[in-house]
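A quick write-up on the structure given underneath.
The values are calculated or read from the model by the stated rules, or taken from the named source; none is laboratory data. The structure presented is a predicted model; accordingly, all values stated were derived computationally and were not measured. We place every Cβ from the backbone using ideal geometry, glycine too, and count neighbours over all the protein chains shown. These area figures cover heavy atoms from the full protein model, side chains too; ligands, DNA and RNA do not enter into them. Shrake-Rupley method; radii C 1.70, N 1.55, O 1.52, S 1.80 Å.
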Amino acid sequence: MNAPRTGRGRRVGNRAIFGGALVVALVGALVVAVVAPAAAQSSGTSRPPPAPEGAAEVTEAMSRDDPFMDPAHIALTPLRPRTAADSARAAATVRALREALAPFKDVSFAEHQGYQIFAPRLPGQTVYHFNNFAYALASEGYFDPTRPSALLYRKEKSGAFTLVGAMYTAGADLPIDSLDSRVPLSVARWHRHINFCIPPRRDSTLWRATRNGKPIFGPQGVSTRADCEAAGGRFVEQLFGWMVHVRPFDSDDPYVAFGAMHQHDH
């Protein structure tokens, strides 16, 4: 585990902050970071920074669209050759996370620790995301496998929440080798969301606009600046930072635990 960095003097801009704080789940909703009590105490504020333009609209659009986006809108880290050292390191991360998450099987404990549910009324979610802004912000500087930026819960028919996994995030500008030092790229594939076309104004009906029978905006829409601008939209080259999912209760094998999403080419 990388050693925590303290006393960081450099200014962290919105792009860097939300590279770590915002996470998109392709099977449901987009994760938007929420301020945890620890963050409020340290920063003197009770509100998170404003989300990037279009984040809320993309969330809604993704809840309606096919759970797997067009490959033109998602970029994966290259899959590196397997090594024994990588396997051992990833397995240690899975074990550490599994032990750390045990108390969070009680969703009320998670909430008490600063994790907050995102979009509880958003339809069509198979997994609900509980986000911790303080941990997401801290992930800009260092990696702690026991403090994921988000917890993943499945909602049962009874209304109870069952903990199934977690989400790690990293800044949009973090080099590939730094991602590998956090979670080996031979085991897991970090992903980011790219080439989004956002409608020109806040009108939810525009997300359903089509041209020649194909969507124009959102995760199934056009993927080039020229096509987006021709439609009057706003082109975003990279909407969020890096992210990776892990389900530590599924298996001791790290290739299984990290293989729930994006293990292979989309």
Q: Please give the solvent-accessible surface of Trp242 in Å², to the nearest 10, using a probe radius of 1.4 Å with every protein chain present.
A: 20
Q. What do you reckon, how do Arg95, Arg192 stack up by accessible area (1.4 Å probe), largest on top?
A. Arg95, Arg192
Q: Go ahead and run the numbers for FRET between Asp173 and Tyr142, Cβ-Cβ distance against an R0 of 22 Å, rounding to 0.05.
A: 0.90
Q) Residue by residue through region 142-154, which ³J(HN,Hα) values in whole Hz follow from phi under the Karplus form 6.51 cos²θ - 1.76 cosθ + 1.60 (θ = phi - 60°), with glycine and proline marked x? A) 7, 10, 10, x, 8, 10, x, 6, 8, 10, 10, 10, 9
(Q) For region 66-173, I need the span (max minus min coordinate) of the C-alpha atoms along each principal axis, in Å, sorted largest to smallest. (A) 43, 35, 25
Q.
If you take every residue apart from Leu101 with its C-beta less than 12 Å away from the C-beta of Leu101, what net charge results, scoring Lys and Arg +1 and Asp and Glu -1?
A. +3
Q) If you bin the C-alpha pair distances of region 73-126 every 10 Å from 0, what whole percents do you get? A) 17, 25, 32, 24, 1
Q: Search the structure for amide H atoms under 5 Å from the amide H of Gln238, placed 1.01 Å from N in the peptide plane, and list their residues when 5 or more places away or on another chain.
A: Asn195
Q | Accessible heavy-atom area order of Glu229, Glu111, highest first, probe of 1.4 Å | A | Glu229, Glu111
Q) Out of residues 5 or more away from Ile74 or on other chains, whose amide H comes under 5 Å of its own, with H placed 1.01 Å from N in the peptide plane? A) Ile194
**Q.** Percentage relative contact order, region 171-253, counting C-alpha pairs under 8 Å, at least six apart
**A.** 37
Q | Check: region 158-245 dipole with +1 on Lys, Arg Cβ and -1 on Asp, Glu Cβ, in debye | A | 360
(Q) Using the Kirkwood radius over C-alpha pairs as Rh, can you work out the diffusion coefficient of region 121-266 via Stokes-Einstein at 37 °C, viscosity 0.692 mPa s, in µm² per second? (A) 189
Q.
What distance in nm separates the two pseudo spin-label positions at Arg154 and Ser204, each 7 Å out from Cα along the beta-carbon direction?
A. 2.9
Q: Take Ala100, project a point 7 Å from its Cα along the Cβ direction, then tell me which residues of region 142-165 have their backbone nitrogen under 15 Å from it.
A: 142-152, 165
(Q) Under 16 Å from a point placed 7 Å out from the Cα of Lys214 along the Cα-to-Cβ direction: which residues of region 69-105 have their backbone N that close? (A) 69-74
Q. Given H placed 1.01 Å from N in the peptide plane, which residues other than close sequence neighbours of Gly165 have an amide H under 5 Å from its amide H?
A. Leu152
(Q) So for region 127-266, averaging the separation of alpha carbon pairs under 8 Å that are six or more residues apart and normalising by length, what relative contact order in percent results? (A) 24
